[in-house]
Amino acid sequence: MPAGARSKAGARPRFAARWDVPDDAPEPLPEPGRAALRLEVVMGALSDPLRMRIVRTLLLESEAFDHTCGWFGFDRPKSSLTHHFRTLREAGLIRQRQYGLERRSHVRVDDLEARFPGLLALVADWEG
């Protein structure tokens with residue numbers, strides 16, 4: 001079964017490998033706590049197709065604990081990408097950490113599944 005696909009029995013989707021936080025990882029940048037995640041804010045952030053693609057790609061194709069915006073290969077200005085990643089972080093969809101001059105991101109799977117069960121499965125099934 002492809003990553004993110006549901007079985008006929010409705011089992012939870014399998015996302016890319018779940019990575020443990022490396023011991024030397026910096027603290028995350030400011031983000032809303034799990035209890036503060038709001039569905040309308042999360043859905044607003046996902047309403048942009050590029051942001052939806054960012055989250056979906058992180059869910060299904062992650063190759064490491066977290067990724068720089070350059071890993072995605074988007075042909076967009078850095079300022080535009082910074083805006084989109086900040087929107088996702090401030091909505092609570094991704095967690096970002098500052099490594100020197102670069103920020104790396106991953107999806108907050110556990111927090112989102114706890115607050116909005118099934119939402120990430122919908123994102124994984126999305127084909128834009």
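See the values below:
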item: Condition check for residue 66: of a type in the set (Asp, Glu) and in contact (Cβ under 8 Å) with a residue 24 or more places away in the chain; result: yes
item: Members of region 19-75 that are of a type in the set (Val, Ile, Thr) and surrounded by fewer than 18 Cβ atoms within 10 Å (Cβ to Cβ); result: 21, 41, 57, 68
item: Residues located in region 35-65, provided they are hydroxyl-bearing (Ser, Thr, Tyr) and in a helix (DSSP H, G or I); result: 57
item: Among the residues listed as 58, 88, the single one being at pLDDT 95 or above, on the phi < 0 side of the Ramachandran plot and not β-branched (Val, Ile, Thr); result: 88
item: Matching residues in region 73-112 - criterion: being over 20 Å from residue 25 (Cβ atoms) and free of Cβ contacts under 8 Å to residues at least 40 places away in the same chain; result: 73, 74, 75, 76, 77, 78, 79, 80, 81, 82, 83, 84
item: Filter result for the condition that a residue is over 18 Å from residue 112 (Cβ atoms) and at pLDDT 85 or above, over 77, 22, 32, 2; result: 77
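The values are calculated or read from the model by the stated rules, or taken from the named source; none is laboratory data. Please read all numbers here as calculations on a predicted model, not as lab measurements. Heads up, the Cβs are rebuilt from the backbone with ideal geometry, glycines too, and the neighbour counts pull from every protein chain shown.
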